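Structure first, commentary second.
The values are calculated or read from the model by the stated rules, or taken from the named source; none is laboratory data. Since we're looking at a predicted model, the values are computed, not measured. Heads up, the Cβs are rebuilt from the backbone with ideal geometry, glycines too, and the neighbour counts pull from every protein chain shown.
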Amino acid sequence: MLSRTAHSLYQLGFLIERTENIARILDVNSRMSVEHEVFSELDVWSPILEITDNMDNFEEHYGEICEASVVRLLLADSDNPYSVRACLLNAREIARSVRELISEEIWLHINLFFHEMEREFSGGELRRWQHFSEKVHMFANAFHGMIYNTMVRGDAWQFMRLGFGLERARMIPRILQIKYHMLLPSPEAVGSPLDIHQWQALLRSVSGYEAYRRLYQARIEPAKVVNLLLLNPGFPRSLHFGIREVSLALREIGMYNEDQYRLYQHTERFLDDLRGGAASEDIIAMGLNDYLSTVNQRCKTLALMINKTFFDTITVTLTDQQSGSLTIQIPQQQQIQLYTEQQAG
Amino acid sequence: MFDISDAAPFDEAFGESGAVRDEYVAAYNYFSQKGVSGIEHMQQSADLSLLNQGVTFTVYSDARGTEKIFPYDLMPRLITATEWARIEAGIIQRITALNLFLEDIYHDQNILRSGLIPASQILGSNLYCREMSGLDPAGGIHIHIAGVDLIRNQDGEFMVLEDNLRCPSGVSYVVENRMVSSRIMPELLGSYRVRPVSQYPQMLFEALASFSGENKPVIALLTPGVYNSAYFEHAFLASQMGAQLVQGQDLLVNNDILYMKSTRGIQRIDVLYLRLDTEFIDPLVFRPDSLLGVPGLMHAYRAGNVTLANAPGNGVADDKSLYAYTPDIIRYYLGEDPILPIVPTYLGSRPADLAYMLDNLDKLVLKPTDASGGYGILVGSHASKQELAEFKAKLKAEPAHYIGQPIQQLSTHPSFLEQDNSKKFCARHIDLRPFAVCSADGTVRVLSGGLTRVALRRGSLVVNSSQGGGSKDTWVLYPDSADTAPGGQHA
């Protein structure tokens, strides 16, 4: 597969995943602030801006933090690379550029949703944004169903999977950090109805509430929630699951040079650290927030390695006049940047 | 519902007396039955289907630019088996002769030695590609893919208006339009015996593959990128052929072999289908500022390690001034009379023609030889006295730069649109672009269909999409279908 198109498919994967995740983050907050009347002292919107690296951007363009403006920034603001609209615009442009590699159904699905979104945002008002956010979930879920059902398990699929897996792994710590940032008014509030309500909201936002109840029954304990979201290999939105997808995709893509081999080894080590009981101990020893920072850092390194290995350079065997051959890595030419890659690492 | 007040002397659907032509009876009845509201509904679903498929071109280049669909006109254009047989034979003859012509002028130049065409006409043309001299493309084939523009004159005779031997585009609309038709008017499509068009990608693939000795050749399509207005077609063809869609940055040449850069290292390409103008394909040989091409591509080509389709340098054969010589070219190489006539053409470079042109400017269309897309054209009958005088001066100053042709009455066809505040079928001018591919053994195959373009503006003769043109699905019928189809099979 061409390096350029491989990169496009990888981007398509992570843009679709990110679109869904932004909608999920908004949902967490919306759900956490349902009882806004009762707990009016909570600022639920600042943490979300911190987590999506949007604080500066927001202060510059919007001023007062309130639901309407945060929602606008994260859903409809196409100048913000971390908005649903920007992600979908880019995803569609990329899908158009790799149309020959994705199935007709997938292209139609993206294009239809794009037109629907543009109609939704053309009105200016975002009164029904929760409704739209649900549609984003459905769009993303249907997307996964379609690629599962219609795409050959070749390189195109594997690079898309690589994008999905990595972005998913990166998002879980961010969602957990929302809870961390949302400091409770007092230490006594730990275990209070508000605390429990927030954990429930967090689980719901990752479609994890049912999974949690099935595994651990109704009582919500923070340590178990953290375990489910980070370490459970079977839960499809856990960190472990995301990294395993990355590892499986890399194995299927194959290892044709040393960098590719090293990248795979690196991913396997990451996966090993998430397996077994060691990680739970790490989390306790380091404290959740520090552990999440480490995870963020590792994901970032992984993203950089993937870029370097597959998209920035290419392996070439050159033949000189004496018919000697030499295998070297040469830089790929500069790509046209369709989006800001700051969050991609 | 059918308004024939704007009909040309030859209308495709209505005969001289205003009666519906035999082959159009079924279509006429079908649309009459649907009524205006039924047809409007069909039009909406057709437009929506094209928008959702992304069969669009962007009006502004940024990602949020307005997207427009290439208007699809509901009523299909019908071509009978008899008419088609002539068109097909005419195109095969023409492409065969032009291939021989190109091979000749880039080698021995016998046709120039014979004096049939003045040497200055060819060698002085800025479209003559010196880099192709003495180069032997596989099979001696220069034209792998061609689109020939045809019009129908006042007597209903098909004539060649123009050859497109470089990057003919539009074939994806032929295939997509048929898909739309089969979705929104399956009954009508089923009541005619229409030849399929969906096999085009396979035709193209097999023609291109024949130029490689490989069992499983690697074929790639070189596109300028996603912002090119024909990008949809590039992606469509690559996808349908199972070819790689590549940009210049994806390719490199090493030791005269063309490779693409893949995630597994570099991979050899056997056939490169160029959808890029010649001047951009290799910065070492042509325009040095081109970032769209591949340095060293022409060396790999000259070494015989890759086939380029179409071959560079074909422009000299579809040049407007060469057009006048095409009947002679067919006679010279094939010893046959042309099956499809051309529009009579006066060349400014011939003194007798020039005198006629200067005297009859108001009866002619004048075109610069080196421009396309309708630029710099003078339609004598529509020009003011002052414009005529100005053009006369230009013609005298640079006679070889212009050709003149009698103003042609293009045939008309009913097209569904709004006129005088009501929606109805009005007569609009049309043309036809059939597509042909050529294999290494010289066999030319014509796709049994074509792009019918419609000038949607009242009275307009310009069918280009940039000038408000639309397209029609074109149904080429099997033999005898005109006798059995209308009313013969039920809807």
Query - Test for B:R166: is it charged (D, E, K, R), in contact with a helix residue (DSSP H, G or I) (Cβ under 6 Å, 6 or more places away or on another chain) and touching a residue at least 60 places away in the same chain (Cβ under 8 Å) - result: yes
Query raised in the report: Just wondering, is there one or more residues in region B:41-62 that are at pLDDT 95 or above, surrounded by 15 or more Cβ atoms within 10 Å (Cβ to Cβ), part of a loop (DSSP other than H, G, I, E, B) and not assigned by TED's automatic domain parsing to the domain that holds B:A400?
Result: no
Query raised in the report: Is one or more of the residues making up region B:350-366 in contact (Cβ under 8 Å) with a residue 12 or more places away in the chain, touching a Pro at 6+ places or on another chain (Cβ under 7 Å) and either surrounded by 15 or more Cβ atoms within 10 Å (Cβ to Cβ) or within 30 Å of B:R178 (Cβ to Cβ) (or both)?
Result: yes
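Could you tell me whether B:L297 is buried (at least 19 other Cβ atoms within 10 Å of the Cβ), more than 28 Å from A:Y256 (Cβ to Cβ) and at pLDDT 90 or above? Full working, then the answer.
Numbers: buried (at least 19 other Cβ atoms within 10 Å of the Cβ): yes; more than 28 Å from A:Y256 (Cβ to Cβ): no; at pLDDT 90 or above: yes.
The answer is no for B:L297.
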Query raised in the report: Of the residues that sit in region B:115-152 and are closer than 24 Å to B:P344 by Cα and of a type in the set (D, E, K, R), which one is surrounded by the fewest Cβ atoms within 10 Å (Cβ to Cβ)?
Result: B:D149
Report task. For region B:227-234, indicate whether the set of residues that are over 30 Å from B:E40 (Cβ atoms) and of a type in the set (D, E, K, R) is non-empty. Result -> no
Report summary line: Within region B:259-271, residues more than 7 Å from every other protein chain (Cβ to nearest Cβ) and crowded, with 18+ Cβ neighbours inside 10 Å come out as B:Y259, B:I269, B:D270, B:V271
Query raised in the report: What are the pairs, 6+ residues apart or on separate chains, where a residue within region B:444-466 that is under 15 Å from B:P168 (Cβ atoms) and in the same structural domain as B:L98 (by TED's automatic domain parsing) has its Cβ under 9 Å from a residue that is assigned to a helix (DSSP H, G or I) and acidic (D, E)?
Result: B:R445/B:E206; B:V446/B:E88
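If you check B:S181 against the conditions, is it in the same structural domain as B:G38 (by TED's automatic domain parsing) and not in a helix (DSSP H, G or I)? Write out each step before concluding.
Values: in the same structural domain as B:G38 (by TED's automatic domain parsing): yes; not in a helix (DSSP H, G or I): no.
Spelling it out, it is not the case that B:S181 is in the same structural domain as B:G38 (by TED's automatic domain parsing) and not in a helix (DSSP H, G or I).
Looking at B:A85, B:A119, B:A89, B:A81, can you tell me which residue is within 28 Å of B:V462 (Cα to Cα) and free of Cβ contacts under 8 Å to residues at least 12 places away in the same chain?
Details: B:A119 fails: within 28 Å of B:V462 (Cα to Cα); B:A89 fails: free of Cβ contacts under 8 Å to residues at least 12 places away in the same chain; B:A81 fails: free of Cβ contacts under 8 Å to residues at least 12 places away in the same chain.
Result of the check over B:A85, B:A119, B:A89, B:A81: B:A85.
Going by what's in this entry, would B:D256 be described as buried (at least 23 other Cβ atoms within 10 Å of the Cβ), in contact with a helix residue (DSSP H, G or I) (Cβ under 7 Å, 6 or more places away or on another chain) and either facing chain A (nearest Cβ under 9 Å) or within 23 Å of B:H142 (Cα to Cα) (or both)?
Numbers: buried (at least 23 other Cβ atoms within 10 Å of the Cβ): no; in contact with a helix residue (DSSP H, G or I) (Cβ under 7 Å, 6 or more places away or on another chain): yes; either facing chain A (nearest Cβ under 9 Å) or within 23 Å of B:H142 (Cα to Cα) (or both): yes.
Answer is no for this residue.
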**Report entry** Pairs, first modelled with pLDDT under 95 in region B:319-334, second among the basic types (K, R), C-beta under 6 Å, six or more apart
**Finding:** B:K320/B:K367
**Report entry** Scope region B:133-154; condition among the small types (G, A, S) and assigned to a strand (DSSP E or B); matching residues
**Finding:** B:A146, B:G147
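In region A:124-148, which residue that is over 21 Å from A:I25 (Cα atoms) and free of Cβ contacts under 8 Å to residues at least 12 places away in the same chain is surrounded by the fewest Cβ atoms within 10 Å (Cβ to Cβ)? Give the steps one after another, and end with the answer.
Restricting attention to region A:124-148, the residues satisfying the condition of being over 21 Å from A:I25 (Cα atoms) are A:124, A:145-148.
Filter once more, so that each one left must be free of Cβ contacts under 8 Å to residues at least 12 places away in the same chain: A:124, A:145, A:148.
On the way: A:G124: 7, A:G145: 12, A:Y148: 10.
Top of the filtered list is A:G124.
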Query raised in the report: Which of (1) in a helix (DSSP H, G or I); (2) in contact with a Ser or Thr (Cβ under 8 Å, 6 or more places away or on another chain); (3) surrounded by 20 or more Cβ atoms within 10 Å (Cβ to Cβ) is the odd one out, the single condition B:L189 does not satisfy?
Result: (3)
Query raised in the report: What number of residues in region B:244-295 are more than 27 Å from B:P201 (Cα to Cα) and acidic (D, E)?
Result: 2
Requested in this report: Determine which single condition A:A344 fails, assuming it passes every other condition in (1) surrounded by 19 or more Cβ atoms within 10 Å (Cβ to Cβ); (2) modelled with pLDDT of 75 or more.
Outcome: (2)
Query raised in the report: Only one of these conditions is not met by B:P283: (1) facing chain A (nearest Cβ under 7 Å); (2) without any contact (Cβ under 8 Å) to a residue 24 or more places away in the chain; (3) not β-branched (V, I, T). Which number is it?
Result: (1)
Report summary line: Filter region B:207-253 for residues that are assigned to a strand (DSSP E or B) and either more than 11 Å from chain A (Cβ to nearest Cβ) or over 22 Å from B:D277 (Cα atoms) (or both); the one that is nearest to the chain's Cα centre (by Cα) is B:L222
Query raised in the report: Somewhere in region B:406-422, is a residue over 30 Å from B:Q33 (Cβ atoms) and among the charged types (D, E, K, R)?
Result: no
Report task. Report, by residue number, each residue of region A:89-119 that is over 21 Å from the mean Cα position of the chain (by Cα), more than 14 Å from B:S239 (Cα to Cα), of a type in the set (D, E, K, R) and facing another protein chain (nearest Cβ under 9 Å). Result -> A:E118
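Kindly state which helices (runs of 4 or more DSSP H) lie completely within region A:137-235 and contain at least 2 residues that are at pLDDT below 80 and not hydrophobic (A, V, I, L, M, F, W, C). Spell out how you get there, then give the answer.
Working: elements: A:155-181, A:193-205, A:209-216, A:222-231.
Ranges flagged: A:155-181, A:193-205.
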Query raised in the report: Quick check: anything in region B:83-91 in contact with a helix residue (DSSP H, G or I) (Cβ under 7 Å, 6 or more places away or on another chain), more than 30 Å from B:L51 (Cβ to Cβ) and in a helix (DSSP H, G or I)?
Result: no
Report summary line: Checked against (1) within 27 Å of B:L127 (Cβ to Cβ); (2) within 14 Å of another protein chain (Cβ to nearest Cβ); (3) hydrophobic (A, V, I, L, M, F, W, C), B:V160 satisfies every condition except (2)
Report task. Could you check, for region B:26-39, whether at least one of its residues is surrounded by fewer than 17 Cβ atoms within 10 Å (Cβ to Cβ) and in contact with a Gly (Cβ under 9 Å, 6 or more places away or on another chain)? Result -> yes
Query raised in the report: Is there a residue in region B:312-329 that is surrounded by fewer than 18 Cβ atoms within 10 Å (Cβ to Cβ), under 25 Å from B:M203 (Cβ atoms) and more than 14 Å from chain A (Cβ to nearest Cβ)?
Result: no
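Among the residues of region A:256-307, write down those that are of a type in the set (A, V, I, L, M, F, W, C) and either modelled with pLDDT of 85 or more or in contact with a Cys (Cβ under 9 Å, 6 or more places away or on another chain) (or both).
First pass over region A:256-307, keeping only residues of a type in the set (A, V, I, L, M, F, W, C): A:263, A:270-271, A:274, A:278-279, A:283-286, A:288, A:292, A:295, A:299, A:302-306.
Within region A:256-307, A:L263, A:F270, A:L271, A:L274, A:L292, A:V295, A:C299, A:L302, A:A303, A:L304, A:M305, A:I306 qualify.
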